[in-house]
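Here the structure is laid out as structure tokens; the discussion comes afterwards.
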Amino acid sequence: MADSERLVIDHVGHHGDGVALARGGNIYVPYALGGETIEAGPVPGHHPDRRRLLKVEVASEARIAPFCPHFGVCGGCAIQHWDAEPYRAWKRGLVVTTLAQAGIACEVAPLVDAHGAGRRRITLHGRMGTHDVLKVGYAAAGSHDIIPIDRCPILDPQLGGAIEAAWAVAEPLIAMGKPLDIQITATNSGLDIDVRGSGPLSTAMITRLSRIAEQHRLARLTRHGELVLMRTPPTISIGTANVVLPPGSFLQATIAGEEALAAQVFEHCKRSKTIADLFCGVGPFALRLAAKAKVAAFDSDAGAVAALQKAATSTPGLKPVKAEARDLFRRPLMPQELRDYDTVVFDPPRQGAQAQTTQLAASKVPTVVAVSCNVTTFARDAKTLIEGGYKIDGITPVDQFRHTPHVELVARFRR
């Protein structure tokens, strides 16, 4: 085949691509595995070090058949073609390698599998395709094209009906001519959908969408957080508390993932009496920790903070919880404020918590528990704490994004 080349894959890289070692620089081939001999072709419009897999000539013994018909086209999963044992070793190895490169020496525990029943929240995209045909699905691998889907085998059964509901909601809105992002969350009371990108809704459109919400028995339908229809408040359980979710609220991707991370945090805080929970969201840690300790919770999302405070106040048996809206990137808690706490828990977005860890490093807080969804920014923040006098106890990697290169982790630092 013209422009094709034969490559030997050395290993699987940090993004899940097969890596072929070449004199001019590494070559990256999605869906290829270490030890394989493959035929690869160029990827037009992409970086010259990227190739696409055309044929596997000599397959790895660890290669398995993917379980989803959309795999390799849809960009949702990077890895379904690799046997479980080498996949798990690779994912734990992502943490080990990144820490070693950062000069951080500590024990890395075995990978905790936290896929559970599957994803409880997804974002689908609605676009008008060629010949004015609606497409609702995930973005294609390596592009902005939308791959229409009618099923997704990695979803929690609680998201049953979510894809059909997304198609139904997108159909009238796409006529307004704007691309749509449709975030769907499974809750105790049904599906919660927030649509973004539609623009203002007419009364007639609100009426039509309300009918669709009734037909699909949605708990709630919002547009950019503004209520269209609520049949019943969408709630989730956190410990003994019930939390009414703000529209489009962030949650851990799987229930098992949230529980695994919270169990690690709880164990690290079992002797704590006063805890600051930073980047607290709707309270996956705060509401559990409040069963045994006094908690102050901080997050820039005012809606999440209000939902957390309301849940804490209405749940019997919890110790005092004070939740405050505060941008910890611009206004981190300072050392004098941190004196009130014997433990600080922080779980920042992917960019990490550089401003806050700088202040933590200057504080005298005895115990710091870090939760992260990005091992690279974690390593940067961990170095700041270590240089400030903390010692790292060890790290537990948590895999709730199975079939992807994303890995969560929990670590404890002590003075």
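What's the carbon and sulfur percent of the range 366-408's accessible surface, probe 1.4 angstrom, rounded to a whole number?
Looking at the range 366-408 in its full context, I get 53 percent from C and S.
Just to confirm a number: summing +1 for Lys and Arg and -1 for Asp and Glu over residues other than residue 19 whose beta-carbon lies under 13 angstrom from that of residue 19, what do you get?
Its environment carries a net charge of -2.
So what is the relative contact order for the range 259-322, in percent, with contacts set as C-alpha pairs under 8 Å and at least six apart?
32
Between residue 267 and residue 130, how high is the FRET efficiency from 1/(1 + (r/R0)^6) when r is the Cβ-Cβ distance and R₀ = 45 Å? Nearest 0.05.
After rounding to 0.05, the efficiency reads 0.25.
Just to confirm a number: summing +1 for Lys and Arg and -1 for Asp and Glu over residues other than residue 174 whose beta-carbon lies under 15 angstrom from that of residue 174, what do you get?
+3
Distance from a point 7 Å along Cα→Cβ of residue 387 to each backbone N in the range 349-364: keep the residues under 11 Å and list them by number.
Under 11 Å, as judged by backbone N against the label point of residue 387, lie 358 of the range 349-364.
What is the distance in Å between the Cα centroid of the range 44-68 and that of the range 199-253?
The two parts, judged by their Cα centres, are 40 Å apart.
When the chain is fully extended, how far beyond the present Cα-Cα distance does residue 310 get from residue 325, taking 0.36 nm per residue of separation?
4.0 nm
Under a Cβ-Cβ cut-off of 9 Å, what is the net charge of the residues other than residue 398 that fall near it, where Lys and Arg count +1 and Asp and Glu count -1?
Details: positive: none; negative: 113, 399, 408.
For residues surrounding residue 398, the net value is -3.
Which of the peptides 323-332, 154-163 is most tightly packed, and how do the rest follow, going by the mean number of other Cβ atoms within 10 Å of each residue?
Going from most to least packed, we get 154-163, 323-332.
Regarding the chain, what's the average projected area of the Cα-atom convex hull, expressed in nm²?
One quarter of the hull surface, i.e. the mean projection, equals 22.0 nm².
Less than 16 Å from a label point 7 Å out along the Cα-to-Cβ axis of residue 46: which backbone N atoms in the range 377-408 qualify, by residue?
Correct set: 405.
Go through 400-413, 50-63 and give me the packing order, highest mean Cβ count within 10 Å leading.
Result, highest mean Cβ count within 10 Å first: 400-413, 50-63.
Could you calculate, for the range 106-225, the ratio of the Cα radius of gyration to the Kirkwood radius, expressed as Rg to Rh?
Result: Rg/Rh = 1.05.
Under 20 Å from the Cα of residue 178, which lysines turn up, not counting those fewer than eight places away in the same chain?
Those lysines meeting the cut-off are 135.
If you average the C-alpha positions of the range 266-318 and of the range 353-415 separately, how far apart do those two centres end up, in angstrom?
19
Could you work out the relative contact order of the chain? I mean the mean sequence separation of Cα pairs under 8 Å and 6+ apart, divided by the number of residues, in percent.
13
Past 29 Å, Cα to Cα, is the threshold; run 91/292; 91/319; 292/364 against it and keep the listed order.
Working: 91/292 33 Å; 91/319 38 Å; 292/364 22 Å.
Pairs exceeding 29 Å: 91/292; 91/319.
By average Cβ neighbour count within 10 Å, what is the ranking of 217-224, 19-26, 111-118 from highest down?
Result, highest mean Cβ count within 10 Å first: 217-224, 111-118, 19-26.
Between residue 10 and residue 364, how high is the FRET efficiency from 1/(1 + (r/R0)^6) when r is the Cβ-Cβ distance and R₀ = 45 Å? Nearest 0.05.
Once rounded, the FRET efficiency stands at 0.45.
How many percent of DSSP beta bridges within the chain run antiparallel, rounded to 5?
70
Leaving out ligands and nucleic acids, note down the accessible area per residue over the chain with a 1.4 angstrom probe, in whole Å². Don't skip to the answer; put the middle values down first.
Details: 18960 Å² over 415 residues.
That works out to 46 Å² for each residue.
At 7 Å along Cα-to-Cβ for each site, give me the label-to-label distance between residue 64 and residue 106 in nm.
Here the modelled spin labels are 3.1 nm apart.
How far is it, in nm, from the label point at residue 230 to the one at residue 291 when both lie 7 Å from their Cα along the line to the Cβ?
2.8
The values are calculated or read from the model by the stated rules, or taken from the named source; none is laboratory data. Because the structure is a prediction, the values reported are computed rather than measured. Note: ideal-geometry Cβ built from the backbone for every residue, glycine included; neighbour counts use all protein chains shown. The accessibility values were calculated without ligands, DNA or RNA, using every heavy atom of the protein model including side chains. Shrake-Rupley method; radii C 1.70, N 1.55, O 1.52, S 1.80 Å.
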